[in-house]
1. Can you give the % of DSSP beta bridges in the chain that are antiparallel, to the nearest 5?
2. So what are the three principal axis dimensions of segment 82-154 from its Cα atoms, in whole Å, longest to shortest?
3. Given springs between every Cα pair under 10 Å in a Gaussian network model of the chain, which of Val302, Val263, Val288 has the largest fluctuation?
4. Can you list residues from other chains, or at least 5 along the same chain, whose modelled amide H is less than 5 Å from the amide H of Phe14?
5. For segment 125-237, what number results from the quotient of the Cα radius of gyration and 2.2 N^0.38 Å?
6. Sort Phe264, Phe14, Phe296, Phe104 by Cβ crowding within 10 Å, fewest neighbours at the top.
7. Using Cβ contacts closer than 10 Å as the measure, can you line up His201, His245 from fewest to most?
8. Just from its helices, what would the mean residue ellipticity at 222 nm be for the chain, if runs of 4 or more DSSP H residues each count -39500 (n - 2.57) and the sum is divided by every residue, rounded to the nearest 500 deg cm²/dmol?
Amino acid sequence: MSITKLLGIKYPIFQGAMAQIALDPLVSAVSNAGGLGIIGSGGMSADRLREEIRKVRSNTDKPFAVNLMLMMHNIPELVQVIVEEGVKIVTTGAGTPAPYMQTFKENGIKVIPVIPSVKIAKKMEALGADAVVAEGTEAGGHVGETTTMALLPQVASAVSIPVIGAGGIADGRGIAAAFALGAQGVQVGTRFLATVECPTHENFKQAVIQADDTSTTVTGRSIGGPVRSIKNSMIAEYLKLENEHASREELEKISLGSLRRAVFEGDTDRGSVMAGQICGLCNEITTVEEMITGMFAEAQKVMENLGKLSIVE
Ligand SMILES: O=C(O)COc1ccc(-c2c[nH]c(CNC(=O)Nc3ncc(Sc4ccccn4)s3)n2)cc1
């Protein structure tokens, strides 16, 4: 079954659940434009999540999802809210949804883990996941080590459930490439940061617009938590400390509160501007509607023009 039929959405596009950013009006704008808007619950209390679900529901009658960042401490409470509020689609990241699968299944909730490797994709399929998002290291935020070009076809060959491609996709060419590699849909994060409806400080959006293909780097490998973000003075300091084998405590002193500093205060020099390598392709701020319709119109054209390869007989 296609992912659009499975979820009742028009376009096979998910909006990345960026912590503290994937909120209304971005989420309801994506769902109203025909994609799957996803609330990023990372860092939220149960009451705050309930409030956000009700706000999104008041702004769209289309399907939307909630993402659970499984390294958070209050997942059982958030699962309770998701069940009580009648949310029917959950995506997960940064850990295993195993402890909650029975609750999801009993309540008819579709579960779509975001995964960084074939091994974890197979583990999620065995757990009963309805689909997986195969996210390459090009993505922003918490990433694995495998590129989308390499990860996507291997996951598509390894599992029988639908695979969504993520990491480095920001235009119709990326959509066409993901489908060529075996995906039935795409998840896009960075490109949604360059939209009118994205609720971040304007400085955050400008940092994404000004960035190019070499503007991001991965920090946190030394403490087992690799995170891709745009290079700035805080990142340079963090990398220097990592090279000097600083402790987790010393590193967390720099990174604590850095997401909020960038997202809400617009401090893109000392804050954490999580974004993917495709930021160099995001050069103007558009509405969500313009972005989604434009991407799929372009993808249609690319797939029609691919035609036959010019192989010399
Ligand atoms: O062991 C198992 O069964 C499952 O293990 C897993 C291990 C890793 C993953 C994984 C890796 N990446 C993803 C999906 N992507 C993400 O989760 N991306 C994220 N970006 C930002 C996040 S929040 C944050 C805030 C500040 C610092 C670090 N992270 S989470 N899932 C999924 C499952």
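Every number here is computed from the coordinates shown, using simple stated rules; none is lab data. Since this is a predicted model, take the numbers as computed values, not measurements. Because the Cβ atoms are built from the backbone with ideal geometry, glycine has one as well, and the counts that use them run over all protein chains shown.
1. Numbers: 6 of 32 bridges.
Restricted to the chain, the bridges split so that about 20 percent are antiparallel.
2. In descending order, the Cα extents are 37, 24, 17 Å.
3. Val302
4. Here Leu36, Val186, Gln187, Val188 satisfy the definition.
5. Values: Rg = 15.3 Å, N = 113, 2.2 N^0.38 = 13.3 Å.
Taking the Cα Rg and dividing by 2.2 N^0.38 Å, one obtains 1.15.
6. Details: Phe264 15, Phe14 29, Phe296 19, Phe104 23.
Going from least to most buried by this count: Phe264, Phe296, Phe104, Phe14.
7. Working: His201 17, His245 8.
Listed from fewest to most nearby Cβ atoms, that is His245, His201.
8. On the way: 14 runs with 129 residues, N = 313.
Helices in the chain give a 222 nm mean residue ellipticity of -11500 deg cm²/dmol.
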